[in-house]
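The values are calculated or read from the model by the stated rules, or taken from the named source; none is laboratory data. Quantities reported herein were computed from a predicted structural model and do not represent experimental measurements. All Cβ positions, even for glycine, are placed from backbone atoms using ideal geometry, and neighbour counts span all protein chains on display.
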Amino acid sequence: MTVQEPFRALVARRQEKGHAVEPTGLKMADLPPGNVTIRVTHSSLNYKDGLALQGRPGILKTFPIVPGIDLAGEVVDGSGEGFGPGDQVVVTGWGIGENTSGGYAEYARVQSEWVEPLPAGTDSAWAMAVGTAGFTAMLAVLALERHTFYGADLGGPILVTGATGGVGSTAVALLAAAGHEVHASTGKLDQADYLRELGAAEVLPREEISELNRPLESERWAAAIDTVGGSTLAGIMAATRRQGAVAVCGLAGSAELTATVFPLILRGVSLLGIDSVACPRPLRREAWARLARDLPIERLAPMTQTYTLDDLPGLSRRILAGELRGRSVIRVA
Ligand code: NDP
């Protein structure tokens, strides 16, 4: 393996107060230990990356570190279950870009158990157009489908909140691909055409849900995928139909949850927690296979923009301000 050193990276270093992220040339010896080396061609920008890049505490747990919670590229050294040198692979979660260096560098070194081979017919650009956000949306759809195993009925409208975001946009497209009637809630009503193009049957202003404040509201949605948390999640719980379920993915609005147990104990509503970081491997494989089927590159195109490492400072400000739409792929090499 011949590597041109130094190679391009963004590196976060601790400062007197907090941390700062800067472009830096790295050598292979600077990468953390691991038994698989990947030439990273693509990464992406997720909400967590926005927090890390903007110097917010809580995401980056060690310094110096390369941020970027997901990556895709070619294995240059090492092997694992279903992949070896020369294969295209994807890594999301497992602490990359948080506890150990991640995707914003031309090379990454990781543990073989974290690496998934790309499904046949896909490539790294596709994998990062999906990224952690799309993978999370897929886990949410699979969780709702598992919920129907004992007869719960998803045959009604399904709500997606934060619908123009990365998780939201991919959730709308995945639910529509699975034949559901999707209601998309957004703070950007000027993006209604975009959401309809992704497959939403109805577009609702976000206040319509966050202002639902009674313990039980009229039953509106068979299920929901929530990326917002806070009063939005409390409102969804109160308006979910009997035996329905809410896949709880995020906190774009708030990490707090003030609600009553009435929807849970009087209507059998379930909260399904979604954790993409430590998701077990069999479920990961199932999710990536299903993503390859239901979210091909043509379906991702309307929600995907491609940028470079140089664009990340500006993009990270915009994702935290809720200004970005869909998925931001970062072309690394
Ligand atoms: P994005 O920033 O792409 O999307 C978030 C969306 O939420 C925005 O586009 C906006 O959509 C809406 N939003 C933003 N701010 C507010 C607010 N103050 N109140 C209400 N809605 C708001 O982020 P991602 O899609 O990458 O992530 C979404 C959430 O999911 C984040 O909290 C993230 O941490 C979490 N997440 C969790 C994962 C897991 O494993 N559980 C994995 C990945 C993400 P609109 O304008 O359409 O309303």
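Say whether the condition of being farther than 25 Å from Arg325 by Cβ, at pLDDT 95 or above, of a type outside the set (Gly, Ala, Ser) and surrounded by fewer than 20 Cβ atoms within 10 Å (Cβ to Cβ) is met by at least one residue in the stretch 119-135.
Within the stretch 119-135, one or more residues are farther than 25 Å from Arg325 by Cβ, at pLDDT 95 or above, of a type outside the set (Gly, Ala, Ser) and surrounded by fewer than 20 Cβ atoms within 10 Å (Cβ to Cβ).
Yes/no per residue for (1) touching a Pro at 6+ places or on another chain (Cβ under 9 Å); (2) more than 16 Å from the ligand (Cβ to nearest atom); (3) over 15 Å from Asn213 (Cβ atoms):
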{"position": "Arg242", "(1), (2), (3)": "no, yes, yes"}
{"position": "Leu251", "(1), (2), (3)": "no, no, yes"}
{"position": "Ser254", "(1), (2), (3)": "no, no, no"}
{"position": "Leu257", "(1), (2), (3)": "no, no, no"}
{"position": "Thr260", "(1), (2), (3)": "yes, yes, no"}
{"position": "Ser270", "(1), (2), (3)": "no, yes, yes"}
{"position": "Val277", "(1), (2), (3)": "no, no, yes"}
{"position": "Pro280", "(1), (2), (3)": "no, no, yes"}
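If a residue has to be in contact with a strand residue (DSSP E or B) (Cβ under 6 Å, 6 or more places away or on another chain), assigned to a loop (DSSP other than H, G, I, E, B), among the small types (Gly, Ala, Ser) and within 13 Å of the ligand (Cβ to nearest atom) to count, how many in the stretch 154-213 make the cut?
Total satisfying the criteria: 1.
Every residue, every condition in (1) free of Cβ contacts under 8 Å to residues at least 40 places away in the same chain; (2) surrounded by 15 or more Cβ atoms within 10 Å (Cβ to Cβ); (3) within 16 Å of the ligand (Cβ to nearest atom), yes or no:
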| residue | (1), (2), (3) |
| --- | --- |
| Pro23 | no, no, no |
| Val36 | no, yes, no |
| Val40 | no, yes, no |
| Thr62 | yes, no, no |
| Val91 | no, yes, yes |
| Gly95 | no, yes, yes |
